[in-house]
Structure formats: C-alpha cells, structure tokens
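Chemist: Below is one structure. I have some questions about it.
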Amino acid sequence: SLVYALFSRGNRPGGFNGSLVGQPASVLAQLQDVGIKVAYDEEGLDNYEMGLKTTWLDGRAQTTIALYHDIWSDGQVRNTTFFMTPDGSVQQTTVVTNQGSVKMNGVELEANFAVTQNLTVDTTLGYSDATFKVFPYVPKGPQIQGSADVTGNRLDQAPKWMWSISPQYSAPLMGEYDWFVRLDYRHRGRFFTDATNIAWVPTNDLFNARLGITNGTLRLEGYVENLANDKSLLGGLHGNDAFGFSERLNNRTNEIRSVLPNPRLFGIRATYDF
C-alpha cells in the first residue's frame, strides 16, 4: 500500500483581449458594464490531495482512491460576445473573462480486478462537488434569474457523478491468437448549462461492446457504440447570438445550444503494433 498527500499551486498569467484594443470608448463602456475588460487577471489554482494505492489478493486486484479540495480563483474563460458600434451595427468578438472563485471537492476511485484467469473487470467512480464562492454572472444572470449573484450554485458543465464498469473475457482461440469480448458501461450525471443552474442536460448512460481476436501485435475487432441507442443529449450550454443582442430590450437574449446524441453505430477495426 502507498499513502500520499500533496499540495500544489499553479497559475496562468493574465493578459489582454487584443480584439478590444483600439475600440472606441462607447464600445469599451458597453463591455465594461457586463464585466468584460481589455485586460484580464491571472488565474490560480490551489490543490490539496490525499490518496491511497493498494494491491490485494496476491496482485489480482488494485485500487486507487484520491480525495481532493481545490480552490480555483479568477478562472480564465473564453466567451463569445456581441457589441454595438457607434454606427448602430452589431459585431461579434471572442474575449477572455475571469470567473470569480470556485470551490471544488471530490473523490476519485479506480479498481481493477482479475476475477479469474480469463475474466477481468475495470471500474471507475468519480464524485465532484464544485460550487461558486464568488462570481457575478453578468449580463446573463440578471436576464435569466433577475440577479447576477450565483454564489452557492454548482459550476456549470461539471456533473456530480461519473462512473464506469468494463468487464472483459478472453481465452485462447488457436495458435498465438486469443479471442475476447468486452462491454463498457459509462454513466455521466446531469450537469447545468450555465451558472444560474436553471437549465440542465440530463444523465447519460452509454453502452459499448467489442468482440475480436488478437495475438498481441495484430488486433481485429467488431464493435457497437451506443448499444442501447440512448437518445439523451450529450451536452448543452448557454449561448448568445447577434439577433438576441440587438433585441435585448425585448428580453430575447436566452439561447441553449445542445449537443445531439450519437445514434447506434456498428463498425470493424484493425490495429497493428510495431
């Protein structure tokens, strides 16, 4: 067994939004009102972690567990935004903004078990609790929920639970070749599309299967992805568009961009290692 603990600190230097340099004062004032500046601050991350790595049952099982506590401050996030020029037209630009402060606590577990000489099972489990400590979500917060304060809300795009289990059975076939069959099951919990936590993407359960032969160098396999033909959305995030910006006074400013599911897919694959 191995027990460990660590502390690490990282940063990413601040910088400038080059696309805003030289813009007229009226444009800079618009963007300043929604928290976008020419210069953005340094990003920092303090990471506290402890864990345990253990081998069991005469080497047939290995487990790794890690617990962490992170403080992410002034996170640099790229956003696409729109602004109105002095002549009344709407233009688009991509800028970097700082994302306040986020507290992240979690645990990660990985286990590999040789049930028999032919059957192995690999599993993972992850839990993450990431919440905003300080983050003025403007301009979208007031437009969506009537307030820019999202303190205590969960970090968007971050599911609480994720796990997987992958059993594989293999046995001799002929000569130097073995045959194998493998099933992969992955679960991803729901996550929020933006910092207001009003809209979310539901959970996703994905099954993949493989059947093939290998001699360690050559591998031939047939596979099925999304075996159960799960049709839940894979992703979603809050977005902006020029029409919504120009119609802000009519409150037509909300947009969710969704990632559609992948249909069931059949295929064959050959790989050769040299």
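Chemist: Filtering segment 199-216 down to residues that are farther than 15 Å from residue 174 by Cα and not in a strand (DSSP E or B), which residue is least open to solvent (accessible area, probe 1.4 Å)?
Modeler: 199
Chemist: Filter segment 113-137 down to residues that are outside any strand (DSSP E or B) and either charged (D, E, K, R) or more than 24 Å from residue 194 (Cα to Cα) (or both) and give me whichever is most open to solvent (accessible area, probe 1.4 Å).
Modeler: Among those residues, the one meeting the criterion is 117.
Chemist: Is segment 185-198 home to any residue that is surrounded by 16 or more Cβ atoms within 10 Å (Cβ to Cβ) and of a type in the set (D, E, K, R)?
Modeler: yes
Chemist: Now, a different point. Somewhere in segment 138-145, is a residue without any contact (Cβ under 8 Å) to a residue 40 or more places away in the chain and either open to solvent by less than 30 Å² (accessible area, probe 1.4 Å) or out of contact with any Lys or Arg (no Cβ under 8 Å at 6 or more places or on another chain) (or both)?
Modeler: Within segment 138-145, one or more residues are without any contact (Cβ under 8 Å) to a residue 40 or more places away in the chain and either open to solvent by less than 30 Å² (accessible area, probe 1.4 Å) or out of contact with any Lys or Arg (no Cβ under 8 Å at 6 or more places or on another chain) (or both).
Chemist: Any residue that is closer than 30 Å to residue 63 by Cα, modelled with pLDDT of 85 or more, in contact with a strand residue (DSSP E or B) (Cβ under 7 Å, 6 or more places away or on another chain) and among the basic types (Lys, Arg) - is there at least one of those in segment 146-157?
Modeler: Within segment 146-157, one or more residues are closer than 30 Å to residue 63 by Cα, modelled with pLDDT of 85 or more, in contact with a strand residue (DSSP E or B) (Cβ under 7 Å, 6 or more places away or on another chain) and among the basic types (Lys, Arg).
Chemist: Of all the residues that make up segment 39-78, how many are within 28 Å of residue 255 (Cβ to Cβ) and either without any contact (Cβ under 8 Å) to a residue 24 or more places away in the chain or part of a helix (DSSP H, G or I) (or both)?
Modeler: The qualifying residues number 2.
Chemist: Does any residue in segment 178-189 that is closer than 16 Å to residue 219 by Cβ come within less than 6 Å, Cβ to Cβ, of a residue that is open to solvent by 60 Å² or more (accessible area, probe 1.4 Å) and part of a strand (DSSP E or B) six or more places away or on a different chain, and which pairs are these?
Modeler: 178/172; 179/173; 181/169; 181/211; 182/210
The values are calculated or read from the model by the stated rules, or taken from the named source; none is laboratory data. The structure presented is a predicted model; accordingly, all values stated were derived computationally and were not measured. When we count neighbours, we look across all protein chains shown, and the Cβ atoms used for this are built from the backbone with ideal geometry, even at glycine. The accessibility values were calculated without ligands, DNA or RNA, using every heavy atom of the protein model including side chains. Shrake-Rupley method; radii C 1.70, N 1.55, O 1.52, S 1.80 Å.
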